[in-house]
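Here is the structure we will look at.
Taken together, the values in this text are just the output of simple stated rules run on the coordinates, not laboratory data. Worth saying up front: this structure is predicted, and the values here are computed from it rather than measured. A quick note on method: Cβ atoms are made from the backbone with ideal geometry, for glycine too, and the neighbour counts reach across all protein chains shown.
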Amino acid sequence: MNALGAFALRRLLLGLGQTAAVVLLVFALTEALPGDAAVALAGDQPDPARIAAIREAMHLDRPAHERLLDWAGGLLHGDLGTSLVSGRPVTSYLSGGFGPTLQLAALTLALLLPLALGLGVLAAARAGGWVDRLVSALTLGVYAVPEFALGVLLISLFALHWDLLPPTAVGTSGSLLDDPAALVLPVVVLLSRPVCSLARLIRAGMIEALDSPYAAQAARYGVSGTRIRWAHALPHAVAPAVQQLARTVDWLLCGVIVVEALFVIPGLGTVLVAAVAERDLPVLQGLAVVFGVLTVLVNLAADVVAHRFTPRTEAAA
């Protein structure tokens with residue numbers, strides 16, 4: 001097994017341990033929530049018989065360790081539990097909310113990578129010049145604006161003042177892709193901060209790579225500046241940005257709560273907000289586990305990619 005394969009195996013084993021820790025932490029945090037979930041679900045004038053029935057349905061009358069083992073066993077078989085409010089399986093909430101969130105995340109990522117790479121390489125190629133200063137100022141300024149504030153501003157201008165784009169996704173039938181205009185403002189808001197952070201990281205990595213001895217040696221051998229930037233410097237500049245990209249993917253896939261709530265997009269973030277408001281603990285637990293597992297998987301992939309592109313690792317391999 002080569003060095004990359006051994007590293008991937010170690011990270012996979014660590015990821016399994018992290019997943020088990022996520023399950024334990026989600027259960028422990030749910031147990032630590034203040035108040036009695038059965039009393040909260042019973043209504044404003046709870047009946048003792050109804051409270052007892054709810055506690056039995058939620059298995060709250062059993063010891064915590066037994067409930068943990070039953071819940072973890074269900075997770076291994078793909079059973080995330082049943083909603084206390086609607087009686088529907090938690091997986092139905094995920095299947096309904098995952099589609100819009102995935103569409104929004106995929107479209108954002110498809111635009112994020114070329115924009116961040118282009119801005120980072122453009123600024124690094126003209127380091128210290130007016131283009132570099134302009135890109136740096138714009139990325140720093142846009143990154144400082146919170147998503148909610150930027151979203152409200154864009155809605156005010158493009159939807160209410162100029163009437164160019166719909167302010168929300170309300171009225172969109174079927175897939176969000178059937179009404180591309182409803183995606184423009186949410187995608188712009190989602191792109192704003194990740195593009196800035198990734199572009200700045202790529203710029204810093206490119207400047208360091210272009211100032212390295214191997215880049216100077218390639219230039220002396222007559223290699224063109226374009227080839228040096230894209231074929232030699234960029235792969236070494238990508239590694240520091242991979243972890244930031246992984247955090248961006250986490251943020252996108254785990255339900256962009258603020259953006260989905262602002263633009264009324266029926267994704268995982270909206271499902272999570274509704275579950276919190278209704279104190280639907282099985283839905284909350286299921287969403288938390290799914291979010292945690294997605295985070296572990298995305299960071300596992302990011303670690304492997306970063307390991308592959310790190311020059312020191314390649315030399316050691």
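Brief remarks on what is shown
- Only Lys, Arg (+1) and Asp, Glu (-1) charged, at Cβ; region 61-155 dipole about Cα centre in debye: 320
- Across the alpha-carbon atoms of region 94-266, the computed radius of gyration and Dmax are 18.8, 61 angstrom.
- Percentage of interatomic Cα-Cα distances in region 21-165 larger than 25 Å: 60
- Crossing angle, helix 130-143 versus the chain [Cα axis fit, 0-90 degrees, rounded to tens]: 10
- Farthest positive-ward along region 166-240 dipole, Cα basis, beta-carbon charges - from Trp230, Ala219, Leu190: Ala219
- Debye equation applied to the C-alpha atoms of region 152-216, log10 I(q)/I(0) at 0.13, 0.23, 0.27, 0.29 Å⁻¹: -0.54, -0.95, -1.08, -1.13
- Å³ per residue enclosed by the Cα convex hull of region 221-260: 78
- Sequence-separation-based contact order of region 94-266, relative, with Cα cut under 8 Å and 6+ spacing, percent: 34
- Taking the Cα centre of region 139-264 as origin and assigning +1 to Lys and Arg Cβ atoms and -1 to Asp and Glu Cβ atoms, the resulting dipole is close to 680 debye.
- With the convex hull of the Cα atoms taken as the outline of region 189-247, the averaged projected area works out to 4.1 nm².
- Chain lengthening between Leu165 and Ala49 when straightened (0.36 nm per residue, less Cα-Cα): 36.5 nm
- Across the chain, the relative contact order, built from alpha-carbon pairs under 8 Å that are at least six residues apart, equals 27 percent.
- Cut-off under 5 Å, modelled amide H: who pairs with Thr82 long-range: Val90
- Using the average count of surrounding beta-carbon atoms within 10 Å as a protection proxy, the listed peptides 155-166, 211-222 rank, highest first, as 155-166, 211-222.
- Value at 222 nm in deg cm²/dmol, rounded to 500, when DSSP H runs of n ≥ 4 in the chain each add -39,500 (n - 2.57): -23500 deg cm²/dmol
- Annotation: average projected area of region 18-104 is 7.3 square nanometres, based on the convex hull of Cα atoms across all directions.
- The alpha carbons of region 112-169 give a radius of gyration and a Dmax of 15.1, 42 Å, in that order.
- Annotation: the residues Val188, Val121, sorted from fewest to most other C-beta atoms within 10 Å of their own C-beta, follow the order Val188, Val121.
- Counting neighbouring beta carbons within 10 Å and listing from fewest to most, the residues Trp251, Trp130 come out as Trp130, Trp251.
- For the chain, the fraction of alpha-carbon pairs in successive 20 Å shells from zero, as %: 26, 48, 23, 3, 0
- Rh by Kirkwood over Cα pairs, then Stokes-Einstein D for region 101-141 at 1.306 mPa s and 10 °C, µm²/s: 142
- Contour minus Cα-Cα distance for Ala127 and Ala21 (0.36 nm per residue): 33.7 nm
- Degrees, to the nearest 10: 234-253 long Cα axis against longest axis of the chain: 20
- Here, region 176-317 has an Rg and a Dmax of 20.3, 67 Å when only alpha carbons are counted.
- Debye, to nearest 20: dipole size of the chain, +1 on Lys, Arg Cβ, -1 on Asp, Glu Cβ: 1480
- Between the alpha-carbon centres of region 264-309 and region 184-213 there is a gap of 24 Å.
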